[in-house]
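Participant: Take a look at the following structure, please.
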């Protein structure tokens, strides 16, 4: 049964470290919606998102003793889930690389503003991106990591990270263009 | 590669531009994307709970944590004792065999007159039969 009362993080962490299943459930109830939001952004489908959510929470509980209370607990959890998502797709996929030259040639033109796209629509489009593009797009455009950081996290070159992002942009641009044409 | 082809087509004939729209939305809604939440699947907690239980069960009880170093130490002592005993026994046995079966004893026990010659290059004693 999900609990209605959500304790503060320190109590939850202490309870979880003692192996208290009630506290584990409370921690899950408190953070699962946020973490599932991350999983959905990084996953190609809900099945993958579910797998990432489960693996991520298991890692959180197993490594809870390593959490240093100096930073935000949510930030620590978020990093675990992002890394779990990266691992998930690293096992499955190879990233497609394009040259820096191709990246530079991708046009970035002015556009008529269409305010109909909501966050949900963007997330749906992001989930349709090929795996490598989606991960880099999320890390760069949404999470705010630099290409250098992404390269380290994903064990790829900085150039590959940039090219993946450029391709994600081109892909999204095309999808939104098609979507607008359909509406018109 | 399919995407390289698509990209070339895209560059030759760009579709109606839309990326700025995405960027605009990301700027406007980036925060909501970052903090986007969704209700997790109902069965997820059960799966996580089961995985945690199996991990906990595979680990030894904390009550027996002291036992592991003790057992390791005992195993090390036993190994050393067996090794030393074996080595000492083997050396003693080899020495005994050498003394019983050595060339000196053999020569002494032989009916044929023999002469012991020390080969210093090989650090061995050789037996040379003396013709009667």
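Participant: At 0.36 nm per residue, minus the direct Cα-Cα distance, what do residue B:88 and residue B:68 gain on full extension? Give it in nm, one decimal, please.
Facilitator: On the way: separation 20, 0.36 × 20 = 7.20 nm, distance 3.04 nm.
In short, 4.2 nm is gained.
Participant: Another question, if that's okay. Per-residue mean of other chain beta-carbon atoms within 10 angstrom of the beta-carbon, peptide A:22-34?
Facilitator: Details: counts 0, 0, 4, 3, 0, 0, 5, 2, 0, 2, 8, 5, 6.
For peptide A:22-34, the averaged partner shielding equals 3.
Participant: Could you rank the peptides B:80-87, A:48-55 by their average count of other C-beta atoms within 10 Å per residue, with the highest value first? Before the final figure, lay out each step's value.
Facilitator: Values: B:80-87: 10.0, A:48-55: 22.1.
Put in order of decreasing packing, that is A:48-55, B:80-87.
Participant: How far apart, in nm, are the 7 Å Cα→Cβ label points at residue A:128 and residue A:63?
Facilitator: Going from the residue A:128 label point to the residue A:63 one covers 3.4 nm.
Read-outs throughout are calculated quantities, based only on the coordinates presented, and are distinct from any laboratory measurement. Predicted model only: the values in this text are computed from it and were never measured. Note: ideal-geometry Cβ built from the backbone for every residue, glycine included; neighbour counts use all protein chains shown.
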